[in-house]
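Enquirer: Pasting a structure here, questions to come.
The values are calculated or read from the model by the stated rules, or taken from the named source; none is laboratory data. Bear in mind that the values here come from a model prediction, so they are computed numbers and not experimental data. Cβ placement follows ideal geometry from the backbone for every residue including glycine, while neighbour counts extend to all protein chains displayed.
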Amino acid sequence: MGAYEVPASATDDPVPSLSTRPTRRVAARGAGVALTRFFEPYNVSKTAVALLTPLCRLKRGSVQEEIQLSSPKASNSIFLQRGCVLATAQGVPRLWKGRAFFGTGALWEGAHPITPPKLLTRGPVTALLVPSAYLQEVALVESTLALALLRMNLEQQQIMDQVYGVNGEAPVSRVAGLLNYLSEMRHYAVRDESGQSIVGMQERVTVEGPTQIDMADALGLGRATVEKALAALRKAEILKAQVPGSRRNRHYEIINGNGLKMVAMGAQVP
């Protein structure tokens, strides 16, 4: 499985000044709509979204490729709309799902910006890329955007503490906590007995993309420990049992969400 670097087309040209608002319509089709939807929970003003849209790039990652969303050449801030990514910063990997934000942090770091993490997709991903310098400039004049960025950073810090923080919980509780965080409701096609025709759609709560090695690295556990925890959750009918020939390393279906949450909080596996 090869690596593919997303072209940093948004950063190849000089970043325009806010005082000379860009008029070129070079944003990918649908980027404005995607930005609006992403920022809806944060009450970001329409003006801020309109300013960001011309330089926003909507990127989609393939299931079968590891797509590098950031690189030293691309000083982009990244809004993960959906999917799962493995973010490695200072040698420490963490798994994140949709609505995560990865930026330079220049608004809060002063003269010592933090190197952005290396982001690799785990399964299908949709992300929005905005040049970091331009994002900072818009945030300085649009307070709703600045507040949204601060709120996103706070939310991710809470996830860092709750999911990845060092604690005395059993490994199965930590694995359950990670699965609970990464889980999303998805729609799957239901096919007839022949497997040729779609007869309906079904909703399932699943985790798509990360391998057992990804989870082990993110939690600082051994792979055998993660495998044992997953086996215990399947035996307790919290996770669906593996089907021979299925994508067992990248697909985890949750059939008892309340049970998963209880184990994540420290309860014994039934």
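Enquirer: Residues of segment 230-244 being modelled with pLDDT under 95 and β-branched (Val, Ile, Thr), which ones?
Expert: Correct list: 243 only.
Enquirer: Further question: Residues of segment 58-91 being at pLDDT 85 or above and more than 16 Å from the chain's Cα centre (by Cα), which ones?
Expert: Listed by number, the list holds a single entry, 91.
Here is a yes/no grid of residues against (1) in contact with a Phe, Trp or Tyr (Cβ under 9 Å, 6 or more places away or on another chain); (2) modelled with pLDDT of 95 or more; (3) surrounded by fewer than 16 Cβ atoms within 10 Å (Cβ to Cβ); (4) not in a loop (DSSP other than H, G, I, E, B):
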position: 153; (1), (2), (3), (4): yes, no, yes, yes
position: 160; (1), (2), (3), (4): no, no, yes, yes
position: 180; (1), (2), (3), (4): no, yes, no, yes
position: 185; (1), (2), (3), (4): no, no, yes, yes
position: 189; (1), (2), (3), (4): no, no, yes, yes
position: 201; (1), (2), (3), (4): yes, no, yes, yes
position: 216; (1), (2), (3), (4): no, yes, no, yes
position: 228; (1), (2), (3), (4): no, yes, yes, yes
position: 246; (1), (2), (3), (4): no, no, yes, no
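Enquirer: Can you tell me how many residues within segment 99-141 are at pLDDT below 85, part of a strand (DSSP E or B) and not hydrophobic (A, V, I, L, M, F, W, C)?
Expert: Selection size over segment 99-141: 1.
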